[in-house]
Amino acid sequence: MLQKLKLFLVLFLSLVNALFALDNYDLSNTSKEFAERHIVEMENYYGDDFMYEIALKNDGETTKHRLHSIFEKCNKPNSNIRIGSVGGSITDGAGVGRGNVYIDTLGKFFQKMCPKSAVTVTNAAVSTSGSLTTGLCLETLLGPQLDLLTVDFSLNDFTQYTINNFFSNVPYELLSRNALYSAFIDAPAIYHVFFWGSNFKHKSGQESHLAISEFYDIAGISMRDVAFTGMENGSEMYKDKVTILADKGHHPKTFVHTHLAAIISYHIAKEYLSWLTNRNFVVRSIEKIDPLSKELKRLDLSQSSFECSINRPLEKKKSIVLYEDKGFEFNAKGRCLMATKNEAVALVTVETLQGFVMLSSCRHYGSRLDKPYFTVNIILNDENIENGTKLVRVPLNLQNLIGQIGETYVVDPPLAAGRHTLEIVPNTICKGIDDKIGNGCNGLYAVVTL
């Protein structure tokens, strides 16, 4: 009797495994047919206006290898595929509205190609933002798990991080390194997206950012080159500036977002078919390499990761928490911790493994600031805060984290590893674009530790 029961169990388990394999085979076939059809449809729909070869600035071996993790999920029922984006106002939906951005269309593509997966789209783009603070705060903005990330900062970075006619791509490299090595449980497939410059000028941060794409072998897609090539060649789709833009500035119409999603999804579909022909591809881990910029060498992402608190988090636990608050208030619209008077005081507790404590200003105007919006003291006897004992304060020196960019400042020299209480007060001599208490000056956007 026992022998028959064992035989029955063996047969039953074999049947279950066979059905599971068949289900996976069906999913694989469904996804394969969709990918093949998608490639043909994109080529037929756009014709000569597709300009895929013009758009693809870097094929991105690192990106393609990380796509294989998504393809594995695509063939598993009830799997979760998480895609996200960071960027400025274009990705934030200016001119077209949220829901009509390329990342939304890309989410629909994945849902069709992977019908039994749950696809989640998180658009963490913020108008006027650059890549510096965003790069430090990726995990706070997007969560700890992400499968695909698009990055759009060629316009804003060029505007904000050009100082004395020199453009710095170091913030962009910092973001890329954090995305690959530290911010997420597993590195996502990354697409660097390049648009034109401010007010639809050809000059932008693309060439300098593309050097980062090539160094880390991340896929790079240029809609700037698509649009300007189209205008030069008499394309009906990209006839002129009025045809392309949704406003008088630089925000594109919906069809440009749709076209960008088509180019990225075409790249993904081609790689999916290549992956299917050789399922022996190994999903490799990302090998950490030294940064291009010497400024980033001190930030060791192999030992610990950035911990970021901001005023507009996805989770409350990632918000800036004030231990004490006198004369500061949160400004939801400006995503800012604002001082309402010169005597304002805020106490913030931080914990650091490597001693790095960084603070970002509310306004992301980079080179236009020559002083931080705040000054910082460390409380040496913070255990006495509650009992009314006079606090011992020591001023801390703040230096620009990167070059002369007046957005994020780091305590220099670094603090000892451990927990510290910082006192943040307004800097009454700051000279910013809004040099008034409560109107931009003396505002704190993020507190970051490493």
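Taking the 1.4 Å solvent-accessible surface of region 179-233 as the whole, the part contributed by carbon and sulfur is 46%.
Can you tell me how region 193-301 classifies by the Cα gyration tensor, rounded, prolate or oblate, using a/c under 1.5 as the rounded cut? Oblate is the answer for region 193-301, as a/c is 1.5 or above yet b/c matches or exceeds a/b.
One Cα centroid belongs to region 198-267, the other to region 41-62; the line between them spans 12 Å. On full extension, the segment bounded by residue 48 and residue 303 gains 86.9 nm, given 0.36 nm per residue less the C-alpha separation.
Counted by Cβ distance under 11 Å from residue 401, the other residues give a net charge of -2, where Lys and Arg count +1 and Asp and Glu count -1. Step through the table entries 203/294; 108/253; 64/239, compare each Cα-Cα distance with 24 Å, and write down the pairs that go over it. Check vs 24 Å cut-off fails for 203/294; 64/239. Average accessible surface for region 30-106: 40 Å² per residue, computed with a 1.4 Å probe over protein heavy atoms with every protein chain in place.
Here each label is just a point 7 Å from Cα along the line to Cβ, and for residue 72 and residue 397 those points are 4.7 nm apart. Between residue 248 and residue 286, the distance separating the two model label sites (each 7 Å from Cα on the Cα→Cβ line) works out to 4.2 nm. Can you work out the PRE-style zone for residue 59? Point 7 Å along Cα to Cβ, and I want the residues of region 141-171 with backbone N under 18 Å. So the set is empty, nothing qualifies.
Working from label points 7 Å from Cα in the Cα-to-Cβ sense, the residue 330 to residue 389 distance is 3.1 nm.
Note on region 204-289: dipole from Cβ charges, positive end direction compared against 231, 211, 276; the farthest Cα belongs to 276.
The values are calculated or read from the model by the stated rules, or taken from the named source; none is laboratory data. What you see is a predicted model; the values in this text were computed from it and never measured. Quick reminder, even Gly has a Cβ in these numbers, built from the backbone with ideal geometry, and neighbours come from all protein chains shown. For the accessible areas, the whole protein counts, side chains as well, though only heavy atoms, and no ligand, DNA or RNA atoms are used. Shrake-Rupley method; radii C 1.70, N 1.55, O 1.52, S 1.80 Å.
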